[in-house]
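Here the structure comes first, spelled out in structure tokens, and everything after it is commentary.
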Amino acid sequence: MPEMTIGALAKACGVGVETVRYYQRRGLLAEPRRPSGGVRRYGADAVARLGFIRRAQDVGFTLDEVKALLKLGETPNCRGARTLAAQKLAVVKARLRDLQRVRRALTELIERCDAGRERHCPIIESLARGA
């Protein structure tokens, strides 16, 4: 793979240039040195690292967690990566429980409402009462 500019790197990975720069500021992606009078060039390693960052975010890891995973990958530390993934799974399960609770509450509110046949809206009244 030939070396590429930051714009080409961003395009190849489906992100914006500012995203690449942000990842660099956060210490997730190295900024190559600029040759005298030239333009910084990124290689296959930058594409792979940016892909890793994106995939980790896609499964719910925060940038701080991605940074920790990248550090764990330097030594390979499967146990540490598993621990981070297990912690993330616990957070996801808690969010799902919360979302299911919200779904039940909204379903109940909608079922109480007969869409304008009453003078007062049971949804608004219920929310105003805190019930």
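The values are calculated or read from the model by the stated rules, or taken from the named source; none is laboratory data. All figures in this text were calculated on a predicted structure; none of them were measured in a lab. Every residue, glycine as well, gets a Cβ built from its backbone with ideal geometry; the counts of neighbours run over all protein chains shown. SASA here: full protein model, heavy atoms, side chains in, ligands and nucleic acids out. Shrake-Rupley method; radii C 1.70, N 1.55, O 1.52, S 1.80 Å.
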Taking the residues in the stretch 16-46 that are of a type in the set (Val, Ile, Thr) and at pLDDT 95 or above as candidates, determine which candidate is farthest from the chain's Cα centre (by Cα). 17
Could you list, in sequence order, the residues of the stretch 32-60 that are under 22 Å from residue 72 (Cβ atoms) and open to solvent by 40 Å² or more (accessible area, probe 1.4 Å)? 44, 45, 48, 49, 52, 54, 55, 57, 58, 59
Kindly establish whether residue 73 is at pLDDT 85 or above, over 16 Å from the mean Cα position of the chain (by Cα) and not aromatic (Phe, Trp, Tyr). yes
Unmet requirement for residue 101, which otherwise passes all of (1) closer than 30 Å to residue 129 by Cβ; (2) open to solvent by less than 50 Å² (accessible area, probe 1.4 Å): (2)
Considering only the stretch 64-78, state which residues are in contact (Cβ under 8 Å) with a residue 40 or more places away in the chain and open to solvent by less than 70 Å² (accessible area, probe 1.4 Å). 70
